[in-house]
Amino acid sequence: GQQVMQIPQYQHVQEGEDFTTYCNSSTTLSNIQWYKQRPGGHPVFLIQLVKSGEVKKQKRLTFQFGEAKKNSSLHITATQTTDVGTYFCAGPRTGGFKTIFGAGTRLFVKA
Amino acid sequence: NAGVTQTPKFQVLKTGQSMTLQCAQDMNHEYMSWYRQDPGMGLRLIHYSVGAGITDQGEVPNGYNVSRSTTEDFPLRLLSAAPSQTSVYFCASSSSKLRSGSSTNEQFFGPGTRLTVL
């Protein structure tokens, strides 16, 4: 069945280092969303990408959607302790009305 | 706006008990959904609704019932709790129906209910 894989499962970085998480879908996605969940919190929408090859930036965060619309990445430049949490990618399930989430990448930032 | 609210925040049940997790939104969203979150497995869709009176199953519907009598409320019922249902439950709503052509598929999540079944 349709799958969305995320790597790595978790990553430890020193504050100031960069961080990247990758999302790979078994099927072509019409769009992809990224969410952030702080420890003990709930997922919060960050962004949606729609176009093939699209790149969007939000301050230190850079989001990319692959040319084939089957993969995506989130890159954080110069991580801060406020970046800790789990980052999820998500996309529409084939057939509509449903979203499939990746398992998430948990980021730990050491000050 | 309160956004998406969920009650209770925490719940402990014994095997075989039933209960209802409450979810409400005040954004007039047509789409609402229930997810469970287990370590290392991300968010898995239990049930969803595209409007009042319309519900459908997600990936892991067994052991759960839903109803949608109003736009605002989308309760999740556990019929006979089992230890495998120990999880964190999130309710979410969206202004879109999460179709491929939607201009935005943003979902707004509630704070979650942490459920333990003994």
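Quick note: the coordinates plus some simple rules give every number you see, no bench work behind them. All figures in this text were calculated on a predicted structure; none of them were measured in a lab. No Cβ is skipped: glycine too gets one built from the backbone with ideal geometry, and neighbour counts run over all protein chains shown.
In plain terms, the residue of A:PHE97, A:PHE19, A:PHE88 with the fewest other Cβ atoms within 10 Å comes first and the most crowded comes last, giving A:PHE97, A:PHE19, A:PHE88.
Divided by 2.2 N^0.38 Å, where N counts the residues, the Cα radius of gyration of chain B comes to 1.01.
In this structure, the residue pairs whose Cα-Cα separation is over 23 Å, taken from A:LYS36/A:LYS59; A:LYS51/A:LYS110; A:LYS36/B:LYS9; A:LYS36/A:LYS57; A:LYS36/A:LYS70; A:LYS69/A:LYS98, are A:LYS51/A:LYS110.
Shielding of peptide A:94-105 by partners, expressed as the average count of other chain Cβ atoms within 10 Å per residue Cβ, is 6.
For chain A, the Cβ-based charge dipole about the Cα centre amounts to some 300 debye (Lys, Arg positive; Asp, Glu negative; other atoms uncharged).
The value for region A:20-88 of Rg(Cα) / (2.2 N^0.38 Å) is 1.10. The ranking of B:THR113, A:THR94 by Cβ neighbour count inside 10 Å, starting from the fewest, reads A:THR94, B:THR113. In chain A, what % of DSSP beta bridges are antiparallel (nearest 5)? In chain A, DSSP labels about 90 percent of beta bridges as antiparallel.
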